[in-house]
Structure formats: structure tokens, C-alpha cells
Amino acid sequence: MDAIVLGGGLMGAASAFFLARRGIRVTLIERNRVGSGATIASFGNVRRSGRYIPQLPLAHRSLALWREAEAMLGRDVEFRATGHLRLVFSQEGLAAMRSFVKEARPWGLELEELTTKDVRSRFPGLGPDAIAASFSPKDGSGNPRLIAPAFAHAARKLGADIVENVGIGAIRKSACGFQVETSKGSHEASMLLNTTGAWGARIASLFGEEVPIVAKGPQMGVTEPLPYRILPVVGVWAHDHGGGYLRQVERGNIVFGGGAERTDVSLDTGYAKADPARLPGQLRSLLPILPALKNVAVIRTWSGCEGYVEDGLPVIGRSSTTPGLFHAFGFSGHGFQLGPGVGDVMAEIMATGKTDIPLQEFRIERFAKPN
């Protein structure tokens, strides 16, 4: 049994590692460098709060793997369980938070509900006008620049073949299963895993499966270093103040996102660009979260090509048309936390034919048109 993983983002690199760990011969093919696409553009949020409820079992499994990542991969990928604080500024946000807390509890996620007094005493300087908040102490963040290369490096040590910087040609069924033509040669395997992100629908369409997806670029930024005082990742409920979010790294810089409309990205180039004209409004949306940002310098902005599926949910699981073909793409800007779990689950399905993680709501068949 062998496999080709097409796409070297976090999903693909994690899948290659877990496949290799199960003894499956695997080739990971990435047209650029591993981890250079949507993964590196990520904010680095390792959160479970606010997720689509049926996604929580996968998120729990992934969090367990984030906690093991350094020992498992032999590298520090800067996962820090500093907690995830989500502020409430409106009655709409309060209702959304309480509804989620109630729904998530049977799925194994317990969130603390904080009062205004709790927020001010435990997290001074954050959300001075917040009327409430939720706190998830076991969540946190990881470094998007480190995680995918770490999985690829560990996969290579287990015997995986990592093919980077190649042109991708024909992708087709073959006598052996699947054949992928590249500028560095042809590769064949009995299984093919499509983890090509925003390009995932293009691959699926080659096998008669259509997925409504658009490519968008988020606007991210980082400030000059400040005294290290903000431990948790911080966001908001109900997209108050534009849905901004931020975290402070141990070096002192504050990484931020949200609060700015995502830009359209052409899949022909895959090039996403931050828009400087949107930065002032983005920073204003963050001031209710952290007023201290008012006089701070932004030293870098960036973007990346992400795939947003029409219903906001990813495509995970078997192909509905082609035996041996599997998909894991379209995470719509919320895939970073799920990456290790998705890789582990896809390897489990490909190796054993089953998993106990519920994936029914993410099947590609949901887009099939009735005959």
C-alpha cells in the first residue's frame, strides 16, 4: 500500500507524517515549499471555542496532538497553551457566547464564563468595555512558520519522499491507482490524498466532484515588540468591532488579524496581497480589545491564499466517485488548529478504512446535484 499526498500545507504535511508512521509508503508533492501557502499566512490560533459544534471531536483530537507536537516531531513548534479569551461587547455577543457554551458542553468542551470584573482583574488592559467573556484555558497558539516543515521533516525521517518546487502536470487514474506528472518526474500510488487548499476543488473536479469554493486572502500584521504581558489569544464574540483578534508572542510582538475584509485571490497565480489602505480601519477595530495599540508601530503585514467553501465547512473524507481518492481541503480560514488532527484521521481512514471521528457533515457528497 502506498499513497501520494498532493499539497504541502499543514494538512498535507501532517497527513504524510501520520501515513509514514503507520508504515505506508508516502510521497508528498508540493509545487512550492512545504508550508508556504495558507499555513504560513495563518494567525496561529489553536482554539476550539466558536467552532461548528460537530467539528469539536476532531478539534479535541487535534489539540491532544498539538500538546504532543514537540516530543512527537523533535522540534519546538511554539505551541503554548496560554488559553483563549473571547470578549463580549454586545447583547448579541453575550447570547452567542452562552448559546455556544451550552451546546458545546455535551461535546466535551467546558468554557469559563467571565464577568466584567473577572476580565478586568485577570486580564488587565484587555477589553476595558467588555461586558463578559469566555475563557478556554487549554487552548492557545502555535507558530505557522514552523509546524508544516516540522511535520515534513519528521515524515522524511520515517521514509516519506518530500518533493518540492515542482510544476504539476496531469493527475489521472492509472493501472496502479493514480499517477501525478511533475516537472521532476512521474509518481504513482494506489491512493491519492487531495490537500491542495484553495485548489482542492480543481483537483476534485478532475474526478467528477464539484465543490463551490472561492479563494480569499486575509490581512494579517505584526507590531513592534512591547513588554510581554498578554498571555492568552484574544478574540471577540459575534464579530463585534469587525471580528478582530490578536496574540502576543514571547518576543513581545503582537500578531493581529480580522477587522478587514478579505481580498479576492486568483488561483492562476495564487498570489495574495495585503492592502495598506485597509490597515487603519483594521487597527481601529482592535482598539476596543487592546487600547494600548493606539500608538504602536506595525512592522509587517501579509496575506495568503485560503479556500472558502460556500457553506463555510471543509471537505474531509473519501471521494464519492473514485475509490482510493481522499480529500481534506477548504478549511475556510479555520483549519490551523485542526491540522494535526486532520492528518491523523486521514491516515487512519486510508490505512484502516474507518475512524471514530464523525465526519459525515464534511463529506464531499453534500454538493452532489440530484439526478
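Just so it is clear, none of the values below were taken in a lab; they were calculated from the coordinates. These figures come from a predicted structure and were not determined experimentally. Here Cβ is always computed from backbone atoms with ideal geometry, including for glycine, and neighbour counts include all displayed protein chains.
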Taking a label point 7 Å from the Cα of Ser174 along Cα-to-Cβ, the residues of region 187-209 whose backbone nitrogen sits under 13 Å from it are 187-192
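Between Glu250 and Arg278, how high is the FRET efficiency from 1/(1 + (r/R0)^6) when r is the Cβ-Cβ distance and R₀ = 25 Å? Nearest 0.05. Don't skip to the answer; put the middle values down first.
Values: r = 28 Å, r/R0 = 1.12.
For Glu250 and Arg278, the calculated efficiency is 0.35.
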Assigning unit charges at the beta carbon (Lys, Arg +1; Asp, Glu -1) and nothing else, what dipole magnitude in debye, to the nearest 20, does region 15-105 show about its Cα centre? 240 debye
The summed charge of the Ile213 Cβ neighbourhood (under 11 Å; Lys/Arg +1, Asp/Glu -1) stands at -2
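Estimate the FRET efficiency between Glu103 and Arg229 by the formula 1/(1 + (r/R0)^6), using the beta-carbon distance for r and 25 Å for R0, to the nearest 0.05. It would help to have the intermediate numbers written out before the result.
On the way: r = 33 Å, r/R0 = 1.31.
Efficiency computed from Cβ-Cβ geometry: 0.15.
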Cα-based equivalent ellipsoid, region 133-179: semi-axes from gyration tensor eigenvalues, Å: 35, 16, 12
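How many percent of Cα pairs in region 54-95 exceed 14 Å? Don't skip to the answer; put the middle values down first.
Working: 551 of 861 pairs.
Here the long-distance tail beyond 14 Å is 64 percent of all Cα pairs in region 54-95.
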Strictly greater than 24 Å: what percent of every Cα pair in region 166-287 meets that? 50 percent
Expressed as a percent, the portion of alpha-carbon pairs in region 286-354 spaced more than 14 Å apart is 71 percent
Mind grabbing the base-10 log of I(q)/I(0) for the chain at q = 0.06, 0.07, 0.10, 0.13 Å⁻¹? Debye formula, identical points on the C-alpha positions, no solvent, two decimal places. -0.22, -0.30, -0.61, -1.02
Towards the positive end of the charge dipole of the chain, with charges on Cβ (+1 Lys, Arg; -1 Asp, Glu), say which of Ser332, Phe367, Pro144 has the farthest Cα. Pro144
Sequence-separation-based contact order of region 125-186, relative, with Cα cut under 8 Å and 6+ spacing, percent: 18 percent
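Determine, from the Cβ-Cβ distance of Lys354 and Thr116 and an R0 of 35 Å, the FRET efficiency 1/(1 + (r/R0)^6), rounded to the nearest 0.05.
Values: r = 47 Å, r/R0 = 1.36.
With R0 = 35 Å, the Cβ-Cβ based efficiency is 0.15.
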Given all pairs of distinct Cα atoms, region 1-137 yields a Kirkwood Rh in Å of 17.5 Å
Find how much the distance from Glu310 to Thr263 grows on full extension, using 0.36 nm per residue of separation minus their present alpha carbon separation; answer in nm with one decimal. 15.3 nm
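Pull up the DSSP beta bridges for the chain and report the antiparallel fraction as a percent, rounded to 5. Please report the intermediate quantities before stating the final value.
Details: 42 of 61 bridges.
Roughly 70 percent of the DSSP beta bridges within the chain come out antiparallel.
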For q = 0.10, 0.11, 0.16, 0.19 Å⁻¹, Debye-computed log10 I/I(0) when each Cα of region 221-361 counts as one equal scatterer: -0.48, -0.56, -0.96, -1.14
Please report how far the C-alpha centroid of region 158-212 lies from that of region 304-338, rounded to the nearest whole angstrom. 15 Å
